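A.B. asks: Structure provided below as structure tokens; questions to follow.
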Amino acid sequence: MSTRAAPHPSTIIGTGLPPLPRAGAGAVLTPLQRRLVVAAIVAAHALAAWGLMQVKAVRDAVTEAAPILVSLLATPAPPAPPPPAPPPPTPKAQPRAQLKPIPEPRVLATPASPAPDAVAVPPPQEAPAPPVAAPAPVVSVPAPVTAAAEPAAPAPAPKLLPDDAVQYLQAPQVVYPPLSL
């Protein structure tokens, strides 16, 4: 009979990795010795830090890099937050300016009286005719007929626009085509 051991599973799969060590296999130090080595390394680091802190330049660099602030007194209470600011006053509507009615124009001259449509001319008095003189031709000039002027039509009332009758409050932004620049 052969006493050949079964092959390791990693060689069966074909990964080619060495097998993992077993717990406790190859351990040279006991757990107590391991703890003593760790304590010695920590003590060596503490001794090195203490030795470096004896150099003034290193001490100054450390205090600038990480200042240590120790307060043995209780911190004072933070100041009370300021009271909230009162809300801004609401803007009141501006009273609209009342437009005064347009005053009637003052009349500087009034027509004397309406002119009659037809003027009656009294008949001329008969004067004795001079014997030698030829009678002068009589030209009757009728009085100028003026029609009564009608009063002009009143001017139209001005447009009353409310304050908020605007199309926009800010000028619109002009958009140019990209290729026009």
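A.B. asks: Starting from residues that are of a type in the set (A, V, I, L, M, F, W, C) and assigned to a loop (DSSP other than H, G, I, E, B), keep the ones in the range 56-75 and report whichever is modelled with the lowest pLDDT.
C.D. replies: Taking the candidates together, the pick is Ile68.
A.B. asks: Sort out which residues of the range 6-48 are at pLDDT below 85 and outside any loop (DSSP other than H, G, I, E, B), and write them in order of number.
C.D. replies: Those that are at pLDDT below 85 and outside any loop (DSSP other than H, G, I, E, B): Pro9, Ser10, Thr11, Ile12, Ile13.
A.B. asks: Which one of these is at pLDDT 65 or above and more than 46 Å from the chain's Cα centre (by Cα): Pro78, Pro122?
C.D. replies: When all the criteria are applied, what remains is Pro122.
A.B. asks: Can you find a residue in the range 133-152 that is of a type outside the set (Phe, Trp, Tyr), loosely packed, with under 10 Cβ neighbours inside 10 Å, in a helix (DSSP H, G or I) and modelled with pLDDT of 75 or more?
C.D. replies: No: zero hits.
A.B. asks: Can you tell me which condition Lys92 does not meet? The list is (1) at pLDDT 80 or above; (2) of a type outside the set (Asp, Glu); (3) within 30 Å of Pro158 (Cα to Cα); (4) under 49 Å from the mean Cα position of the chain (by Cα), and all the others hold.
C.D. replies: (1)
The values are calculated or read from the model by the stated rules, or taken from the named source; none is laboratory data. Nothing here was measured: the structure is a model prediction, and the numbers come from that model. All Cβ positions, even for glycine, are placed from backbone atoms using ideal geometry, and neighbour counts span all protein chains on display.
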